[in-house]
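Q: Structure provided below as structure tokens; questions to follow.
The values are calculated or read from the model by the stated rules, or taken from the named source; none is laboratory data. Since we're looking at a predicted model, the values are computed, not measured. Heads up, the Cβs are rebuilt from the backbone with ideal geometry, glycines too, and the neighbour counts pull from every protein chain shown.
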């Protein structure tokens, strides 16, 4: 089967065993989070990791692979707002459009937690020169931006809601694909639990993220199992997004 995945480090505990050839597994198809939603909707892959925001829009027509995803409960370190001007003075924020969840999350936090009206401007964040503020996701967010202060959106979300934040989930086209994906993810996660130092070493060399920071991120920041507390956070996020849609 074809499984759509991001190349970010946060998914490596699920897929490293297959990516490194340690276990037989699916054909991995890589893409940014929002692109994976498109690939899945088109039938190009049988299962995929997609942004929570996209899942909530299509949940009536897909099968969620139960139990697994990417979430945090507190600081996450990979969804960051970097700003070189004082935070409260920000009027424009460049946003990384690769993940619909992170953009929606920032919009919710600005309106309901910080009570700010900063404009979110879609941009190729890697082509920008010294923006006043920029939303960065994934591996790049784990590296510092000299001259910028940083706001961790996972921490801000937990402060506002007291809930976990679910960034992405696995979906499948049907029950058989969902069951197959569930087994693949469980086996991958079991392998990662026994080989986390191998993952850290290889991904640190690939991304230039310091090994100690990456190890902390993978073992202490990211939650891979979605239980009742994480699903309560997903429901809270859905409520905020529904409220925003009703007002627009």
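Q: Kindly establish whether residue 106 is touching a strand residue (DSSP E or B) at 6+ places or on another chain (Cβ under 9 Å) and at pLDDT 95 or above.
A: So residue 106 fits the description; yes.
Every residue, every condition in (1) under 18 Å from residue 214 (Cβ atoms); (2) touching a helix residue (DSSP H, G or I) at 6+ places or on another chain (Cβ under 7 Å), yes or no:
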site	(1), (2)
124	no, no
135	no, yes
143	yes, no
147	no, no
157	no, yes
170	no, yes
182	no, no
195	yes, no
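Q: Let me ask something additional. Hey, among the residues in segment 122-156 that are touching a residue at least 60 places away in the same chain (Cβ under 8 Å) and in a helix (DSSP H, G or I), which one's surrounded by the fewest Cβ atoms within 10 Å (Cβ to Cβ)?
A: 155
Q: Between residues in segment 157-174 that are at negative phi and residues that are part of a loop (DSSP other than H, G, I, E, B), which pairs lie under 6 Å by C-beta distance while being six or more apart or on different chains?
A: Sorted first by the residue in segment 157-174, then by its partner, the pairs are 158/74; 160/113; 164/73; 171/62; 173/46.
Q: So which of 244, 211 is surrounded by fewer than 15 Cβ atoms within 10 Å (Cβ to Cβ), more than 18 Å from the chain's Cα centre (by Cα) and farther than 20 Å from residue 54 by Cα?
A: Going through 244, 211 in turn, the sole match is 211.
Q: Could you count how many residues in segment 214-223 are part of a helix (DSSP H, G or I) and either surrounded by 17 or more Cβ atoms within 10 Å (Cβ to Cβ) or at pLDDT below 95 (or both)?
A: 5
Q: Here are some conditions: (1) surrounded by fewer than 20 Cβ atoms within 10 Å (Cβ to Cβ); (2) assigned to a helix (DSSP H, G or I). Residue 184 meets all but one. Which one does it not meet?
A: Evaluating residue 184 over (1) surrounded by fewer than 20 Cβ atoms within 10 Å (Cβ to Cβ); (2) assigned to a helix (DSSP H, G or I) leaves (1) as the failure.
Q: All but one of (1) in contact (Cβ under 8 Å) with a residue 12 or more places away in the chain; (2) assigned by TED's automatic domain parsing to the domain that holds residue 183 hold for residue 59, so report the exception by its number.
A: Against the list (1) in contact (Cβ under 8 Å) with a residue 12 or more places away in the chain; (2) assigned by TED's automatic domain parsing to the domain that holds residue 183, residue 59 comes up short only on (1).
Q: In addition: For residue 128, are the conditions met, namely being under 19 Å from the mean Cα position of the chain (by Cα), over 27 Å from residue 187 (Cα atoms) and not assigned by TED's automatic domain parsing to the domain that holds residue 175?
A: Judged against the criteria, residue 128 is not a match.
Q: Would you call residue 226 crowded, with 21+ Cβ neighbours inside 10 Å and modelled with pLDDT of 95 or more?
A: yes
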